Amino acid sequence: VKAKIAVNGYGTIGKRVADAVQAQDDMEIIGVSKTKPNYEAAVAHQLGFDIYAPAANLGAFEKAGIPAAGSIEEMVKKSDLVVDCTPGGIGEENKDLYQKAGVKAIWQGGEEHELAGYSFNAIANYEGALGLDFVRVVSCNTTGLCRVIYPIDKAFGVNKVRVTLARRAVDPNDIKKGPINAIVPDPIKLPSHHGPDVKTVIPHINITSAAMKIPTTLMHLHTVNMELGDKCTAEDVRKVLGYQSRVRFVGQGIASTAEIMEFARDIKRPRNDMWENCVWSDSITMHEGELYFFQAIHQESIVVPENVDAIRAMMELESNGAKSIMKTNKALGL
Ligand code: NAD
């Protein structure tokens with residue numbers, strides 16, 4: 001029997017998680033929730049997902065000709081595990097609902113670590129999530145940082161990490177927020193929360209970060225600087241990152257996030273998703289004993305494989321993290 005998974009909040013992350021779960025052979029989507037009967041609900045219906053909605057909105061779905069299978073409460077009760085992909089801060093309001101129904105839940109990076117009590121990254125701490133009821137899959141930026149810091153720390157020891165994040169202002173479908181013509185230090189008071197959030201996954205790492213919002217929708221760009229414990233060369237670091245299945249080296253004329261997204265379209269990724277960290281191989285440099293490199297992070301999709309692995313750990317479908325990662329990657333085509 002496949003694990004029964006519900007997606008609460010079928011937005012940017014939720015729709016991708018739903019497709020990724022459906023692509024696995026050991027789990028299946030039993031329903032997705034939408035608050036309003038809009039075009040995304042219509043597409044979810046076309047894709048064959050059962051749609052659930054807040055009880056008070058069910059009439060609106062009927063009126064719009066988009067059949068709803070029931071209320072969100074009913075969806076939760078039918079599932080083994082809910083992946084909560086509601087906007088940051090909303091997810092915490094659902095904890096009671098999940099607890100009362102006796103189902104497991106995954107929250108996303110917009111929620112606080114304390115809500116779930118376990119912050120997850122597949123490569124760094126899969127095994128610790130085995131059988132847990134509540135897990136938080138960390139944000140896009142934190143996921144991107146954990147995927148490179150963890151293996152480099154394992155190989156050489158990391159004394160400290162300093163990272164500057166140039167963040168996409170909004171996702172491509174967002175017509176409400178900006179900026180469209182400014183660079184905004186955010187937050188002005190340092191450090192930003194992004195680097196330190198890595199410590200919720202890998203507590204012993206000394207890390208701080210500064211972040212800014214820039215007028216783009218495509219990806220985030222990290223400038224990573226690390227002081228390593230052991231002496232090593234750029235080539236040694238390249239080798240370690242080269243072994244990581246969720247780190248992709250970019251080059252061959254790819255000089256920007258725009259070209260990474262074009263590449264993702266060209267290799268026919270669904271929704272031009274780039275699930276891997278994109279590290280510019282040529283940027284990996286040792287300068288006066290410190291490591292530097294650039295990586296780009298596709299915020300809309302990078303956490304999607306981690307959600308699948310988190311499900312597999314919590315449902316104890318696979319006890320070995322490396323095996324789950326391989327299984328997820330293969331089913332997605334990564
Ligand atoms: P989103 O706004 O694109 O989607 C949220 C969805 O939840 C929408 O479909 C909305 O209609 C629905 N919703 C709102 N209130 C609801 C409720 N009470 N019950 C059920 N559904 C409800 O948001 P998103 O970008 O997918 O973000 C979801 C979570 O993922 C947040 O915690 C966010 O921080 C995190 N995250 C986002 C990104 C990103 O770049 N978009 C990356 C990593 C993690």
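Dipole check for the chain: with +1 at the C-beta of Lys and Arg, -1 at the C-beta of Asp and Glu, and the Cα centre as origin, the magnitude is about 360 Debye. With R₀ set to 25 Å, the beta-carbon distance separating Glu93 from Leu58 gives a calculated FRET efficiency near 0.80.
Between Ser139 and Gly109, the built amide H atoms are under 5 Å apart, and every one of these is 5 or more places off in sequence or on another chain.
Please report the antiparallel percentage of DSSP beta bridges with both residues in region 140-297, rounded to the nearest 5. Intermediate values should be presented prior to the final figure.
Values: 23 of 35 bridges.
The antiparallel proportion sits near 65 percent.
Cross-link partners of Lys2 among lysines, defined as those whose alpha carbon lies under 25 angstrom from its own and excluding same-chain residues fewer than eight positions apart: Lys15, Lys34, Lys77, Lys78, Lys95, Lys100, Lys104, Lys323, Lys327, Lys330.
The calculated 222 nm mean residue ellipticity attributable to helices in the chain amounts to -9000 deg cm²/dmol, summing -39500 (n - 2.57) over DSSP H runs of n ≥ 4 and dividing by all residues.
For the chain, what are the DSSP H helices with axial Cα length of 20 Å or more and mean Kyte-Doolittle hydropathy of at least -0.5? Flagged H segments are 140-156.
Relative contact order of region 140-297: 28 percent, from C-alpha pairs under 8 Å at least 6 residues apart in sequence. Expressed as a whole number of Å, what is the distance separating the alpha-carbon centroids of region 101-129 and region 12-46? Using only Cα atoms to place each centre, the spacing works out to 20 Å.
Enter the mean projected area of the convex hull around the alpha-carbon atoms of region 140-297, in nm², rounded to one decimal. Numbers along the way, then the final one.
Details: hull surface 39.3 nm².
Over all viewing directions, region 140-297 projects a mean Cα-hull area of 9.8 nm².
Based on alpha-carbon centroids, what's the gap between region 279-303 and region 149-190 in Å, whole number please? Each part's Cα centre sits 12 Å from the other's.
When only Cα pairs under 8 Å and 6 or more residues apart are kept, what is the percent relative contact order across region 110-205? Write out the running numbers ahead of the final one.
Details: 74 pairs, mean separation 32.5, N = 96.
Reported as a whole number, the value is 34 percent.
Listed by chain and number, the lysines whose C-alpha is less than 18 Å from the C-alpha of Lys154, apart from same-chain residues fewer than 8 away, are Lys199, Lys231, Lys239. Measuring nothing but how far apart in sequence close Cα pairs (under 8 Å, 6+ apart) lie, relative to its length, the chain scores a relative contact order of 17 percent. About the centre of its Cα atoms, region 140-297 shows a dipole size close to 480 debye [charges on the beta carbon of Lys, Arg (+1) and Asp, Glu (-1) only; nearest 20 debye]. For the chain, leaving out every one of the GluC sites (Glu not before Pro) that falls in a DSSP loop and has at most 13 other Cβ atoms within 10 Å, the longest unbroken run is 1-287. What is region 52-186 by shape, rounded, prolate or oblate, if you read a ≥ b ≥ c off the alpha carbon gyration tensor as root eigenvalues and call it rounded for a/c under 1.5, prolate for a/b larger than b/c, and oblate otherwise? Oblate shape, in that a/c is at least 1.5 and b/c is the bigger or equal ratio.
In this rough spin-label picture, where each label sits 7 Å from Cα along the Cβ direction, the Ser256-Lys330 distance is 3.9 nm. Listed by chain and number, the aspartates and glutamates placed with their C-alpha closer than 19 angstrom to that of Lys176 are Glu40, Asp186, Glu300; residues fewer than eight positions away on the same chain are left out. Using every pair of distinct Cα positions in the chain, the Kirkwood expression returns a hydrodynamic radius of 20.5 angstrom.
No value in this document is a laboratory result; all are computed from the given coordinates. In this text, all values refer to a predicted model and were calculated from it rather than measured experimentally. A quick note on method: Cβ atoms are made from the backbone with ideal geometry, for glycine too, and the neighbour counts reach across all protein chains shown.
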